[in-house]
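One structure is given below, encoded as C-alpha cells.
The values are calculated or read from the model by the stated rules, or taken from the named source; none is laboratory data. Since this is a predicted model, take the numbers as computed values, not measurements. Cβ coordinates were reconstructed from backbone atoms using ideal geometry, including for glycine residues, and neighbour counts include every protein chain displayed.
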Amino acid sequence: MTSFDAIEIRRPDIASSYLALLAAQPGRPLALFAPRRVGKTHFLDHDLAPAARAAGLLPVYADLWLHKSAPLEALNHALEEALDDLQVPAGRLGKMAQTPVQRVTVLGNSVDLGPTPARRALPEAPALRLDALVTRLARQHKAAVLLMLDEVQTLGEAPDAAGLLASLRAVLHKRRSEVSAVFTGSSQEGLARLMNTAGAPMYQFAQMLDFPVLDDRYLRLLANHFHKVHPTRKLELAALREGFQRIGHKPGLMRDIIKAMSAEGITDVQRGITHYMQSPQQTALWRALLDSVEVFDQAVLTIIARGQAPMSQATLQALAAIPGARPTIAKVRASIEKLKRQGLLTRGATGSRIDDPLLAEFLATQGTPPPAR
C-alpha cells in the first residue's frame, strides 16, 4: 500500500451471499438500501460484478440517477452496449475476427473482405426493447444476465412510472431463467414506496435488504497507513469509529479527512473532521450547493438542521422573515418533498432529516433564517 487512495476493502462474502439469494428465488430481485456515498456502487463494481462473472453471469450496470427523465432508455442503452461488446470485441482486429469473410480478387491477388458488423433491428418501444435485449444478451452470452440498477427509486419518479415499473417487473418475471437483478437505493422512503405500496407494480416483488456499511477493517487500514506515514503518531480505533459514524459511514469522505489530518499532523479525529468541515474548499462546495436551491428551500433545510419542527407556528413565523415568502404549511410541505427529490433530505425515524450529516452541522451554524422562538 503506497497511499491512502490505494486503501480498499473487498467483500466477496457479501457478494456470494447475494448471488446465493438470487439463485434461490429466480425472478425475484434484491433491493439494497443504504445512504449515498457509503460504497454501494463500489461494491457493485468491485465485488458483485467479479463474483457474478466467476459464477458465469454477465453483469450489466446502469445508474438510473443520471437519467431521471428516461431511466428505462438508460437501462436499454447499458444492455445494448453489453450486447455490442459481446458481438463486436473492442479493437480493429477483434471486429475483423467477428466479421464473416468474403474472398474477392483485386489485380490478380486474393483479398479477404467482410461487411461491417451491424446490430439486428430491435423494437422501438422501450418496454419491448428491454425484453428483446435481455433475451438476445443471454443467448449471446450463453448464460444468464445480472442487471445491477443503481438508484432504482428513480423509476418511481419518472413520467409514466407505473408503466415503466410494470414493464420491468414483467421482463424480470417472464425471463427469470435468463436474467436476475439487484437494485440499490439511497432513499429509504423512495425505495419503500416503490416496493411496498399495495397495488403498485413492484409491490413486494423484491427482497429488501439493508446494505452493510464498512466495518473496523477499513478504519484499521487507514490507521495503519497513518502510522506508517507518521511512525511516532497513532490514530485510536475507537475515535475513528466515532468519527466514521459522525460523517455517515462514508468511506471516501473518511479517507479524505484522514489524508488532510496526515498533512496537518493531526491525531484528534473529531478535531480533524471539524478542521475539514471548515476548510475553504469544503465551505465553498456547500455554499455552491445551497446557491443551487431556492432561498425558501434553503431556509427549510436550515430549520430542519437545527432540529426545529418544520411546520410549527413558530417556524412559519421565522420563515416569514424571508422577503416575499408568505409561508404556509402547504408551502413548507411542498418544499420538503422537493428537497427529498433533490436528494438533500431523507426520512428519518422522527421525520425528515438532512441526508448528509456534515451538511446538517454546517447548516445548523448558519445565521439565516432567524431562529424560531
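Does Thr197 count as without any contact (Cβ under 8 Å) to a residue 60 or more places away in the chain, surrounded by fewer than 19 Cβ atoms within 10 Å (Cβ to Cβ) and assigned by TED's automatic domain parsing to the domain that holds Gly27? Answer is yes for this residue.
Looking only at residues in region 200-227 that are among the charged types (D, E, K, R) and without any contact (Cβ under 8 Å) to a residue 60 or more places away in the chain, which one is nearest to Lys259 (Cα to Cα)? If you could, list the steps in order and put the result at the bottom.
Restricting attention to region 200-227, the residues satisfying the condition of being among the charged types (D, E, K, R) are 210, 215-217, 220.
Checking the rest, the ones that are also without any contact (Cβ under 8 Å) to a residue 60 or more places away in the chain come to 215-216, 220.
Working: Asp215: 19, Asp216: 18, Arg220: 14 Å.
Top of the filtered list is Arg220.
A Cβ distance below 9 Å, combined with a sequence gap of six or more or placement on separate chains, defines the contacts here; from region 314-332, residues that are without any contact (Cβ under 8 Å) to a residue 40 or more places away in the chain and on the phi < 0 side of the Ramachandran plot reach residues that are part of a loop (DSSP other than H, G, I, E, B) and surrounded by fewer than 13 Cβ atoms within 10 Å (Cβ to Cβ) in the pairs Leu316/Thr328; Ala320/Arg326.
If we only count helices (runs of 4 or more DSSP H) wholly inside region 1-105, which ones have 3 or more residues that are modelled with pLDDT of 90 or more and either surrounded by fewer than 17 Cβ atoms within 10 Å (Cβ to Cβ) or not aliphatic (A, V, I, L, M) (or both)? Steps first, answer last, please.
Values: elements: 12-24, 40-43, 49-54, 71-87, 92-97.
Because the criterion is at least 3 residues that are modelled with pLDDT of 90 or more and either surrounded by fewer than 17 Cβ atoms within 10 Å (Cβ to Cβ) or not aliphatic (A, V, I, L, M) (or both), the helices (runs of 4 or more DSSP H) in region 1-105 that meet it are 12-24, 40-43, 49-54, 71-87.
Over 20 Å from the mean Cα position of the chain (by Cα) and not in a loop (DSSP other than H, G, I, E, B): does that describe Ala223? Here the answer is yes, as Ala223 does meet what is asked.
The combined condition, being at pLDDT 95 or above, within 17 Å of the chain's Cα centre (by Cα) and of a type in the set (A, V, I, L, M), is not fulfilled by Leu191. Listed by first and then second residue, the pairs with beta-carbon distance under 8 Å, at least 6 apart or on different chains, first residue in region 60-82 and in contact (Cβ under 8 Å) with a residue 40 or more places away in the chain and in the same structural domain as Pro50 (by TED's automatic domain parsing), second acidic (Asp, Glu) and in a loop (DSSP other than H, G, I, E, B), are Asp63/Glu151; Leu64/Glu151; Trp65/Glu151. Scanning region 147-194 for residues that are part of a loop (DSSP other than H, G, I, E, B), more than 19 Å from Lys40 (Cβ to Cβ) and in contact (Cβ under 8 Å) with a residue 24 or more places away in the chain returns Ala158, Pro159, Arg175, Arg176, Ser177, Glu178.
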